[in-house]
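Student: What follows is a single structure, and I will ask about it in a moment.
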Amino acid sequence: MNDSVEQDHPWTLENVQQLQELAREKAPAALIAMRLRRSQSDVHAKASELGLMLAAE
C-alpha cells in the first residue's frame, strides 16, 4: 500500500471544497487523488456523490 494515500478517513469540508475546485479546473482524477492523498476510486465515488464531473483521464 502506498503510504501517501490515507485510507478510511472521512471527507472534511476542506477536502470537499478542494475536490470541487479541482473538478471545476478540469483536473484529472489522478491529480486530484494525489493532491487530496486519496485513492482515485475514493475521488470518483465522492465526485459522483456530489454530482461533479471529472475530466477524462
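The values are calculated or read from the model by the stated rules, or taken from the named source; none is laboratory data. Just so it is clear, the model here is predicted, and its values are computed rather than measured. Reconstructed Cβ throughout: ideal geometry from the backbone, glycine too, with neighbour counts over all protein chains shown.
Student: In the set Glu49, Glu6, Glu57, which member is among the acidic types (Asp, Glu) and at pLDDT 95 or above?
Tutor: The unique qualifying residue is Glu49.
Student: Within the range 31-57, count every residue that is among the small types (Gly, Ala, Ser) and more than 8 Å from the chain's Cα centre (by Cα).
Tutor: Just the residues of the range 31-57 that are among the small types (Gly, Ala, Ser), to begin with: 33, 39, 41, 45, 47-48, 51, 55-56.
Next, only the ones that are more than 8 Å from the chain's Cα centre (by Cα) stay: 41, 45, 48, 51, 55-56.
Within the range 31-57, residues that are among the small types (Gly, Ala, Ser) and more than 8 Å from the chain's Cα centre (by Cα) number 6.
Student: Being loosely packed, with under 15 Cβ neighbours inside 10 Å and assigned to a helix (DSSP H, G or I) is the filter here, so list the residues in the range 36-57 that pass it.
Tutor: Those that are loosely packed, with under 15 Cβ neighbours inside 10 Å and assigned to a helix (DSSP H, G or I): Ser41, Ala45, Ser48, Glu49, Leu50.
Student: Is there any pair with a first residue in the range 11-33 that is basic (Lys, Arg) and a second that is surrounded by 11 or more Cβ atoms within 10 Å (Cβ to Cβ) whose Cβ atoms are under 6 Å apart and which are 6 or more apart or on different chains, and what are they?
Tutor: If the second residue must be surrounded by 11 or more Cβ atoms within 10 Å (Cβ to Cβ), the pairs left are Lys26/Ala55.
Student: Exactly one condition in (1) modelled with pLDDT of 95 or more; (2) assigned to a loop (DSSP other than H, G, I, E, B) is not met by Gln17; state its number.
Tutor: The one condition Gln17 does not meet is (2).
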